[in-house]
Amino acid sequence: MRIALRELRRRPGRFTVAAVILTLIAILVMFLGGLLDGLTGSSTGALRAQKGELIVFSSTSRDSIVRSRIEPSTARQVEGVEGVKRAGGLGSVQLGARLSDSGPRDLFPVVLFGYEIPPSDIGPPPPAGKVIADESLEADGVGVGSTLLIGPARSRVEVIGFATDSRYAGQGTLWGSLDTWRTVLAKNQPGARVGPDVVQALIVQTIGPVGGVATRIDRATGEVTSSLTIDQAIDALPGVSQQQAVFNQIIGITVLVAILVVALFFALITVERTPLYGVLKALGASSSSLFAGVLVQAFVVTLVACIIGGLAAFLLAALIPPGSIPFVASLGRVLGSAAFLLLAAFIGCAFSFRRVLKVDPATAIGGGQ
C-alpha cells in the first residue's frame with residue numbers, strides 16, 4: 001500500500017487520464033442530481049411547506065388540488081374524526097401576473113394559494129388583498145410593497161413579505177387568505193368559482209398514527225374524501241415520480257460508465273505491473289496487499305474527482321440567478337453522489353483482483369505469463 005501511495009505522489013501523470021474522465025463523470029452525476037433536486041423542489045415546495053401530516057382531497061379529484069372540492073359539511077366531519085387535531089382549508093389557482101407599473105405583456109406565471117393553517121416560513125393568513133410571495137418572484141422584479149395584477153381581470157394584490165422554498169408546479173407562489181383566493185378565483189375563472197366556506201383541500205394535523213387517521217377520515221365521510229400523507233400527495237403530482245425515475249436511470253447509467261472506466265484503466269495498470277507484482281510476491285507480499293494498493297489508488301483518484309465535481313456543483317448553484325434554472329446543490333446530494341462513485345471505483349477495481357491473484361512470481365520475473 002505504501003508503494004501505491006508513493007507512486008501516486010511521484011508519478012501523478014500516470015493517473016491523469018483516469019482522473020480527468022472520472023472528474024467529468026463526477027461533475028455530470030452531481031449536476032444531474034442538483035437538477036433533479038431543483039426540478040422536484042420547484043414542483044413540490046408548496047406541499048412540503050405544509051405544517052400538517054395529511055392532505056384531504058375529494059375522492060373524485062384524482063388527488064388533484066385543482067379538481068378537488070371540499071364542502072363545509074365534509075370539513076366538519078373531518079374535524080370530528082378521532083385523531084384529528086386541526087383541519088384547515090387550502091385553495092389554489094394558477095394565473096398570469098404582472099407588476100402594476102409594467103406593460104400588459106410583461107406576464108409571469110404564479111400560483112395563488114389561500115390557506116388557514118400557516119405553512120412553514122409564511123405565518124398566519126394576511127388581510128384580504130395582501131399576499132406573501134415566494135422569493136423566486138424577486139427575479140421578476142417583485143418586492144415588498146409591490147402591487148400585482150393577477151389574471152385577465154387584473155385582480156390587485158399587494159406583496160407584504162417573502163417565503164422560501166414554496167414553489168409549486170415550477171411556478172412562483174403567492175400566499176393569501178381564503179377570502180383573497182375566492183375573490184381572485186371568482187373574478188378570473190368564473191366557471192371554477194366556489195361557494196362560501198368551500199375549499200379545494202384540507203390540511204390535517206393529526207394525533208397518533210397517520211395511517212389510522214387517514215382511514216378513519218375517509219370512512220367518516222362515506223368515502224367522499226381521499227386522504228393522503230404529504231409524501232403521497234407529492235408522488236401524486238403529475239410527472240414528479242416519472243421525472244425522478246428518468247433522472248435516476250440516467251445517473252445510474254453514468255455510474256455504470258464510471259465502473260467501466262475504473263475497471264479498464266486499472267486492468268491495464270495491472271498488466272503493466274505484472275513483473276513488479278511477481279517480484280513483490282517473491283519477497284512475500286500477498287495478493288490481498290497488492291490489490292489493496294490498487295484499491296487505494298482508485299479511491300484517491302475518484303475522491304479527487306468527487307471533490308472537484310462537488311465544488312463545481314456548489315459554484316454553479318451560487319452563479320445561477322434565483323428563479324432561472326431550477327438547480328440545487330445540497331451537501332447531502334454531493335456526499336451521496338460521491339459515495340456512489342467511490343462504490344463504483346471499488347467494483348471497477350474488483351475486476352483487477354483476479355488478475356493479481358493469477359500472477360506467478362517465477363513466470364512474471366522470467367518474462368512469461
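The values are calculated or read from the model by the stated rules, or taken from the named source; none is laboratory data. Since the structure is predicted, the reported quantities are computational estimates derived from the model, not experimental observations. Glycine gets a Cβ as well: all are built from the backbone with ideal geometry, and neighbour counts include every protein chain shown.
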Looking only at strands (runs of 3 or more DSSP E) that fall completely inside the range 77-134, which ones have 2 or more residues that are within 29 Å of the chain's Cα centre (by Cα) and of a type in the set (V, I, T)?
108-115, 130-134
Scan the range 159-179 and give yes if some residue there is more than 20 Å from G123 (Cβ to Cβ), among the charged types (D, E, K, R) and surrounded by 14 or more Cβ atoms within 10 Å (Cβ to Cβ), otherwise no.
no
Given (1) assigned to a loop (DSSP other than H, G, I, E, B); (2) more than 19 Å from V184 (Cβ to Cβ), where does A139 come up short, assuming only one miss?
(1)
Out of (1) at pLDDT below 95; (2) on the phi < 0 side of the Ramachandran plot, the one L174 does not meet is (1)
Among the residues of the range 224-236, which ones are farther than 13 Å from S68 by Cα and touching a Ser or Thr at 6+ places or on another chain (Cβ under 6 Å)?
I234, D235
When both residues are 6+ apart or on different chains and their Cβ atoms are under 8 Å apart, which pairs have a first residue that lies in the range 304-319 and is at positive phi, and a second that is surrounded by fewer than 17 Cβ atoms within 10 Å (Cβ to Cβ)?
none
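Suppose we filter the range 224-234 for residues that are among the acidic types (D, E) and either within 17 Å of R76 (Cβ to Cβ) or outside the structural domain of V66 (by TED's automatic domain parsing) (or both); how many remain?
Going through the range 224-234 one residue at a time, the tally reaches 0.
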Test A364 against the criterion of being surrounded by 13 or more Cβ atoms within 10 Å (Cβ to Cβ) and either modelled with pLDDT of 75 or more or not in a loop (DSSP other than H, G, I, E, B) (or both), and give yes or no.
yes
Would you point out which residue out of T221, T206, T225 is surrounded by 19 or more Cβ atoms within 10 Å (Cβ to Cβ) and in contact with a Lys or Arg (Cβ under 9 Å, 6 or more places away or on another chain)?
T206
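Scanning for something more than 21 Å from the chain's Cα centre (by Cα), under 30 Å from L149 (Cα atoms) and in a helix (DSSP H, G or I), does the range 34-46 turn up at least one residue?
Checking the range 34-46: not a single residue is more than 21 Å from the chain's Cα centre (by Cα), under 30 Å from L149 (Cα atoms) and in a helix (DSSP H, G or I).
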